[in-house]
Amino acid sequence: MDNPRGRVTKDGIRIHEPGDFAGMHAAGRLAARILDDVAALIFPGQSTEEIDRRITQMIEEAGATSATIGYRGYQHASCISVNHVVCHGIPGSKIPKWKNETGNRTDDTLKDGDILNIDVTVIVDGWYGDTSRMYVAGKPKPYAERLMQVTHDALMKGIEAVRPGNTFGDIGHAIQSHAEAQRMSIVRDFCGHGLGRVFHAPPNVLHYGRPGTGPVLEEGMFFTIEPMVNLGRPDTRVLSDDWTAITRDKSLSAQFEHSVGVTADGVDIFTLSPAGLFHPTYG
Ligand code: MF3
Ligand code: CO
Ligand code: CO
């Protein structure tokens, strides 16, 4: 049974025990460490299939399990979302061509200036660690760099709103106001989620909202915050592979994700980068 101790709120959100934080830290740390090690694999000419192969290897070597292999038919240890791919990009699949590109892309090879999100979820001793961050192949364009910076800062503003007594609407509002103040848009079609001994649990963590609305945060809640921010319109479309989500207007998109827990007086980030590499390194 899923965590027999503890309770579930009227919104279906599990309240975990103080002793459960250690398990989340172990899982989160491994996911973050893998994303640290992935940094060296990102360069023009690299294929997304090879990146995923290495991630699969790292999870195996750590004695952990991939949460995504076999999840609803998904067959990879990571999602790799390049340029205008919003999320759930499939490693090894042809990179879709975006607005500012000429010619068709015919393979899964990174080009100079590509920005990409890599999302990894691992299971360690039954606990789930889910995190994603942005990388650059070569040197990013200034507008891509700004998009990644704003998305990163929006996530961190959301995390700053995590404390008992605040609401999920407060988190969404903090994220949305930061992105929209920079004239960028928040994707509505995907959200963060509760997690713990399960991958996706209540609540839906929206990356937009009004202060004071939504469920009240309580100590012991575990969830992800994973805003997707677009340079253009917020609308998305899923490709015929049933996974890859792209921006409808083919504008660039970025995403960062942390798994967090609510503590007595604030927030505990489970997926902090051991090497301090969460923020993308530019150029
Ligand atoms: N890690 C993603 C998330 O943040 C979920 C990926 S599910 C997959 O929730 F099947 F696409 F891998
Ligand atoms: Co997630
Ligand atoms: Co994720």
* Structure fact -> Those residues of the stretch 247-283 that are buried (at least 22 other Cβ atoms within 10 Å of the Cβ), aliphatic (A, V, I, L, M) and closer than 29 Å to Lys94 by Cα come to a total of 2
* To do: Identify all residues within the stretch 69-89 that are in a loop (DSSP other than H, G, I, E, B) and under 14 Å from Arg237 (Cβ atoms); write none if there are none.
  => His84, His88, Gly89
* To do: Determine, yes or no, whether Thr102 is hydroxyl-bearing (Ser, Thr, Tyr) and within 22 Å of Pro227 (Cα to Cα).
  => no
* Every residue from the stretch 125-146 that is more than 16 Å from ligand 2 (Cβ to nearest atom) and either on the phi > 0 side of the Ramachandran plot or under 21 Å from the mean Cα position of the chain (by Cα) (or both) -> Asp125, Gly126, Tyr135, Val136, Ala137, Gly138, Pro140, Tyr143, Ala144, Glu145, Arg146
* **Residue that is most open to solvent (accessible area, probe 1.4 Å), among those in the stretch 217-241 that are within 14 Å of ligand 1 (Cβ to nearest atom) and of a type outside the set (A, V, I, L, M)** => Asp241
* Answer yes or no: is there a residue in the stretch 11-18 that is under 24 Å from Lys141 (Cβ atoms), open to solvent by less than 30 Å² (accessible area, probe 1.4 Å), outside any loop (DSSP other than H, G, I, E, B) and modelled with pLDDT of 95 or more. => no
* In the set Gly70, Gly63, which member is free of Cβ contacts under 8 Å to residues at least 12 places away in the same chain, of a type outside the set (A, V, I, L, M) and either within 16 Å of ligand 3 (Cβ to nearest atom) or in contact with a Leu (Cβ under 7 Å, 6 or more places away or on another chain) (or both)? -> Gly70
* Kindly indicate the residue of the stretch 46-75 that is basic (Lys, Arg) and more than 16 Å from ligand 2 (Cβ to nearest atom) and also most open to solvent (accessible area, probe 1.4 Å) among those meeting that condition. => Arg53
* Is it the case that Val124 is within 16 Å of ligand 1 (Cβ to nearest atom) and either modelled with pLDDT of 95 or more or crowded, with 21+ Cβ neighbours inside 10 Å (or both)? -> yes
* Only listed residue being assigned to a loop (DSSP other than H, G, I, E, B), surrounded by 23 or more Cβ atoms within 10 Å (Cβ to Cβ), in contact (Cβ under 8 Å) with a residue 24 or more places away in the chain and on the phi > 0 side of the Ramachandran plot, chosen from Gly209, Gly214, Gly165, Gly196 -> Gly196
* What pairs can you find where one residue is in the stretch 121-133 and among the aliphatic types (A, V, I, L, M), the other is more than 9 Å from ligand 2 (Cβ to nearest atom) and assigned to a strand (DSSP E or B), and their Cβ atoms are less than 7 Å apart, with a gap of 6+ or different chains? -> Val122/Thr65; Val122/Ser66; Val122/Gly129; Ile123/Thr65
* Looking only at the stretch 87-121, count how many residues are away from ligand 2 (no atom under 16 Å from the Cβ), under 28 Å from Tyr71 (Cβ atoms) and not polar (S, T, N, Q). => 15
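The values are calculated or read from the model by the stated rules, or taken from the named source; none is laboratory data. Quick caveat, the model's predicted, so the values are computed rather than measured. In this analysis, Cβ positions are derived from the backbone assuming ideal geometry, glycine residues included, and neighbour counts consider all displayed protein chains. Calculation scope for accessible area: heavy atoms of the full protein, side chains included, ligands and nucleic acids excluded. Shrake-Rupley method; radii C 1.70, N 1.55, O 1.52, S 1.80 Å.
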